[in-house]
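These notes are about the structure you will find just below.
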Amino acid sequence: MNYVCSSRVQRAHTDVLAVYCSDHRFQAGVREFLDQKLDLRANYDSLVVPGGPQCLVEFEGLPKFSWAARKWSRVLIDLHSLKRMILVAHHDCGWYRWLEDHRHSHDPVRRRQEDDLRAAKRSLSQISPGLAVELYYASWNADDALIIEAVPC
Ligand SMILES: [Zn+2]
């Protein structure tokens, strides 16, 4: 079977990497936010893994995840001369539920996620000091509309 996409190969350079969670509930909303609000028009690299930007933060007992994520980020930063990274965490993240069970923590998850976003930014600044890193948090309202808000650095 051959399927011919209506999409064309993206030939324009990008200097942006977006890092967000693989949770299916947020894919369309995050892409809409990147394409329309940030005006990226599908021209960005993506790193989409469970927990999204948490992968850039060292977690006790699980050092291989952050090692791999930092390596992937470094390669993309070098290959594509990246200048901007967009990190998106989200409400009700299953990866965080798994982590909280792992560490027997009762910290409020939202606070932990925002702390991890800031830690991820610090980690990326060590990899590439000139990189602009933006932090966001996705959730939904009473009408199930996805909402993405900036997180203070
Ligand atoms: Zn998630």
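The values are calculated or read from the model by the stated rules, or taken from the named source; none is laboratory data. Note that this is a predicted model, so its numbers are computed, not measured. For neighbour counting, all protein chains shown are included, and Cβ atoms are generated from backbone atoms with ideal geometry for every residue, glycine included. Each accessible area value is taken on the protein alone, full model and side chains, heavy atoms only, with ligands, DNA and RNA left out. Shrake-Rupley method; radii C 1.70, N 1.55, O 1.52, S 1.80 Å.
Annotations
- Mean Cα-pair separation over length for the chain, i.e. relative contact order, pairs under 8 Å, 6 or more apart, %: 25 percent
- Across the alpha-carbon set of segment 9-122, the Rg to Rh ratio works out to 0.98, Rh being the Kirkwood radius.
- Apportionment of accessible area to carbon and sulfur, segment 47-152, percent (1.4 Å): 55 percent
- Residue-normalised accessible area of segment 97-153, expressed per residue, 1.4 Å probe, Å²: 61 Å²
- Along its three principal directions, the equivalent ellipsoid of segment 1-76 from the Cα gyration tensor extends over semi-axes of 26, 15, 14 Å, largest first.
- Each label was represented as a point 7 Å from its Cα along the Cα-to-Cβ direction; for Asp107 and Arg122 these points are 1.1 nm apart.
- Inter-part distance where segment 55-113 and segment 115-153 are each reduced to a Cα centre, Å: 11 Å
- DSSP-loop GluC sites (Glu not before Pro) across segment 1-97, with at most 11 other Cβ within 10 angstrom: Glu60
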